[in-house]
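Since the structure comes first, as structure tokens, the remarks are kept for the end.
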Amino acid sequence: LEYYAKVMKHTAVCILVSDFYDKDYDKALRRVGKKHDLIAMRVRDQREAEVPPVGWIEVQDAETGDPFWLDTSSYAFQKEFKESNAKFEKELETSFNSAGVERVDVWTHENYFQKVVGYFRLRKRIGK
């Protein structure tokens, strides 16, 4: 986004495709969102939205690569996972709103082509 903000001198429609699990992009999002028509196309997967309670599983820390064990069937884990997801969704929505960014969620199990075309047809109807 920082690079895009530097090289794009004229106002344009920008589609940013991501899962938005990264950090520290709010400033760039606001900068691009103020000048350009920025659309956040968020790629989502049902398997990231919930963890089935199957018991103990070994997982890997995404940042360090270290393996560790989780009891996915525990009430505490399920509660914390849902609360963490809800907090993330709220923060993401706040970030997009403050940057003036429109959002389209595209799920991996959906026909994304129909969703994207439908979104742009709606924009056309409302005059964007």
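Using only side-chain charges placed at the Cβ, +1 for Lys and Arg and -1 for Asp and Glu, the dipole size of segment 23-100 relative to its Cα centre rounds to 640 debye.
Under a 5 Å amide H cut-off, with hydrogens placed 1.01 Å from N, C14 pairs with D37, L38, I39 among residues at least 5 apart or on other chains. Karplus-based coupling profile of segment 6-21, in residue order and whole Hz: 6, 8, 8, 7, 9, 4, 8, 8, 10, 10, 9, 9, 6, 8, 6, 8, with θ = phi - 60° in 6.51 cos²θ - 1.76 cosθ + 1.60 and x standing for Gly or Pro.
When both segment 69-128 and segment 25-46 are represented by their alpha-carbon centers, they are found 12 Å apart.
Across V116, V59, V104, mean-square fluctuation computed from a Gaussian network of the chain (C-alpha pairs under 10 Å connected) peaks at V59.
Which order do the peptides 87-99, 2-14 come out in when sorted by mean C-beta neighbours inside 10 angstrom, highest first? Could the numbers behind the result be given before it?
Numbers: 87-99: 13.3, 2-14: 11.1.
Those peptides, ordered most packed to least, come out 87-99, 2-14.
Assuming 1.567 mPa s and 4 °C, estimate D for segment 31-98 with Stokes-Einstein, Rh taken as the Kirkwood radius over Cα pairs, in µm²/s. Using the Kirkwood radius from Cα pairs, D works out to 89 µm²/s.
Given the Cα atoms of the chain, and with Rh set as the inverse mean 1/r over their pairs in the Kirkwood sense, what is Rg to Rh to two decimals?
On the way: Rg = 17.8 Å, Rh = 17.0 Å.
With Rg and the Kirkwood Rh in hand, the quotient comes to 1.05.
A cut-off under 9 angstrom between Cβ atoms defines the neighbours of V104, and their net charge, with Lys, Arg +1 and Asp, Glu -1, is +1.
Would you mind putting 30-40, 67-77 in packing order, based on average other-beta-carbon counts within 10 Å, highest first? Don't skip to the answer; put the middle values down first.
Details: 30-40: 18.8, 67-77: 11.6.
Put in order of decreasing packing, that is 30-40, 67-77.
Computed from Cα positions, the angle between helix 75-99 and the longest principal axis of the chain comes to roughly 10 degrees.
Charges on Cβ only, +1 for Lys and Arg, -1 for Asp and Glu, centred on the Cα centroid of the chain; of V17, I39, N85, which one is farthest towards the dipole's positive end? After comparing all options, I get I39.
Structure remark: mean-square fluctuation, Gaussian network model of the chain, C-alpha springs under 10 Å; the largest value among Q60, Q78, Q46 belongs to Q60.
Among the chymotrypsin sites (Phe, Trp or Tyr not before Pro) in segment 5-54, those located in a DSSP loop and surrounded by at most 16 other Cβ atoms within 10 Å of their own Cβ are Y21, Y25. Take the alpha carbon gyration tensor of segment 70-119, find the square roots of its eigenvalues, order them as a ≥ b ≥ c, and report rounded if a/c is under 1.5; if not, report prolate when a/b exceeds b/c, else oblate. The shape class here is oblate. Helix 26-35 and the long axis of the chain differ in direction by around 20°, with both axes built from C-alpha atoms.
Rule-based calculations on the coordinates, nothing more; no lab input. Note that the structure is a prediction, hence the values are computed from the model and not measured. Methodologically, a virtual Cβ is constructed for each residue, glycine included, from the backbone with ideal geometry; neighbour enumeration extends over all protein chains shown.
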